[in-house]
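Right, one structure below, let's go through it.
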Amino acid sequence: MTVRVLLFASYADAVGASELSLDLPADARVRDVLARVKTLTAGKRVPEWPLVAVNERYAHEGQLVTSSDEVAIIPPVAGG
């Protein structure tokens, strides 16, 4: 199945893109999406557990993803 992944902040910088299409097994979960994206960061540091949204709703690491889902990876943001 193919999942669309939107990347923000340090994840987009580390991967060099703000959007990816990932081919994943049918039983993939949010944690599998994160693991796959981390393999694309070329050793650059990225937050271990960013916020993740599936189809614009916050998701937990064990949530299943399905074909045509949109997964957004949002690293923590600090500011003042």
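Here the calculated FRET efficiency for Arg57 and Asp23, from their Cβ-Cβ distance with R0 = 35 Å, stands at 0.95, rounded to the nearest 0.05. Put a dot 7 Å past the Cα of Phe8, heading toward its Cβ, do the same for Thr39, and the two dots end up 2.6 nm apart. Other residues with beta-carbon under 14 Å from the beta-carbon of Pro25 carry, at +1 per Lys or Arg and -1 per Asp or Glu, a net charge of -1. Electrostatic bookkeeping for Thr66 treats Lys and Arg as +1 and Asp and Glu as -1; over the other residues with beta carbon under 14 Å from its beta carbon, the sum is -2. To the nearest 10 degrees, how steep is helix 30-39 against the longest Cα principal axis of the chain, on a 0 to 90 scale? Approximately 60 degrees, to the nearest 10. Here is the list for region 24-77: GluC sites (Glu not before Pro) lying in DSSP coil, each with at most 11 other C-beta atoms within 10 angstrom of its C-beta, are Glu48, Glu56.
What's the local net charge at Arg57, with K and R +1, D and E -1, over the other residues with C-beta under 12 Å away? In short, -3. Using a cutoff of 8 angstrom between alpha carbon atoms and counting only pairs six or more residues apart, the relative contact order for the chain works out to 42 percent.
Every number in this text was worked out from the coordinates using simple rules, so none of it is lab data. Note that the coordinates shown come from a computational prediction; the quantities given were computed from them, not determined experimentally. All Cβ positions, glycine included, derive from the backbone under ideal geometry; neighbour counts span all protein chains shown.
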